[in-house]
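Written below as structure tokens is the structure these notes are about.
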Amino acid sequence: IVFIDQDPTDAQQVDDKLVSLARQTGGLIITNDYNLNRVAKLQGVRILNINELANAVKSVYLPGEEIPLKIIQEGKEIGQGVGYLEDGTMVVVENGRRYLNQEILVQVTKVLQTNAGRLIFATPE
């Protein structure tokens, strides 16, 4: 990591300044900002998107797989329980409410990718 104390005169906006500095120095931008990511890529600047990195290292679960899970709260629908994987992925367990505050084995039934991240649906084993 290198800290640069420069203010590029060829740019006014913060994103433009970051891209300009990265181009001048051959640097890499690390960000979770979608617009900065797009602008930098269009201008040929190397970028590391933190959200993409986080998604790349998350565990992949497929329907039929079993995973241990602690049910920590009720779900939105009647009878549902909710737990979270170590990577923060929410798991909604059908008929899981009765296992509140217990660790149980659940079977994955469905995996959805949403704007907010991955969402897993499961049933108690």
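The values are calculated or read from the model by the stated rules, or taken from the named source; none is laboratory data. The structure displayed is predicted, hence computed values, not measured ones. Cβ coordinates were reconstructed from backbone atoms using ideal geometry, including for glycine residues, and neighbour counts include every protein chain displayed.
Can you pull out every residue in segment 9-32 that is within 30 Å of GLY117 (Cβ to Cβ) and not in a helix (DSSP H, G or I)?
GLN13, GLY27, LEU28, ILE29, ILE30, THR31, ASN32
Could you tell me which numbered condition GLY79 fails, if it satisfies all but one of (1) of a type outside the set (D, E, K, R); (2) surrounded by 11 or more Cβ atoms within 10 Å (Cβ to Cβ); (3) at pLDDT below 90; (4) assigned to a loop (DSSP other than H, G, I, E, B)?
Against the list (1) of a type outside the set (D, E, K, R); (2) surrounded by 11 or more Cβ atoms within 10 Å (Cβ to Cβ); (3) at pLDDT below 90; (4) assigned to a loop (DSSP other than H, G, I, E, B), GLY79 comes up short only on (3).
Would you check if TYR34 is closer than 29 Å to ASP5 by Cβ and among the aromatic types (Phe, Trp, Tyr)?
For TYR34, the condition - closer than 29 Å to ASP5 by Cβ and among the aromatic types (Phe, Trp, Tyr) - is met.
Can you find a residue in segment 33-52 that is part of a helix (DSSP H, G or I) and touching a Pro at 6+ places or on another chain (Cβ under 7 Å)? Break it down into steps so the answer makes sense when it comes.
We begin by selecting, within segment 33-52, every residue part of a helix (DSSP H, G or I); these are 34-42, 50-52.
Still in the running and touching a Pro at 6+ places or on another chain (Cβ under 7 Å): none.
Within segment 33-52 (the criterion being part of a helix (DSSP H, G or I) and touching a Pro at 6+ places or on another chain (Cβ under 7 Å)), the answer is no, since none of the residues qualifies.
Which residues, taken from segment 50-76, are modelled with pLDDT under 95 and surrounded by 17 or more Cβ atoms within 10 Å (Cβ to Cβ)? Don't jump to the end; show me each part of the working.
Let us first name the residues in segment 50-76 that are modelled with pLDDT under 95, namely 50-62.
TYR61 - this is the single residue of segment 50-76 that is modelled with pLDDT under 95 and surrounded by 17 or more Cβ atoms within 10 Å (Cβ to Cβ).
What do you reckon, is GLN113 at pLDDT below 90, surrounded by fewer than 17 Cβ atoms within 10 Å (Cβ to Cβ) and part of a strand (DSSP E or B)?
It is true that GLN113 is at pLDDT below 90, surrounded by fewer than 17 Cβ atoms within 10 Å (Cβ to Cβ) and part of a strand (DSSP E or B).
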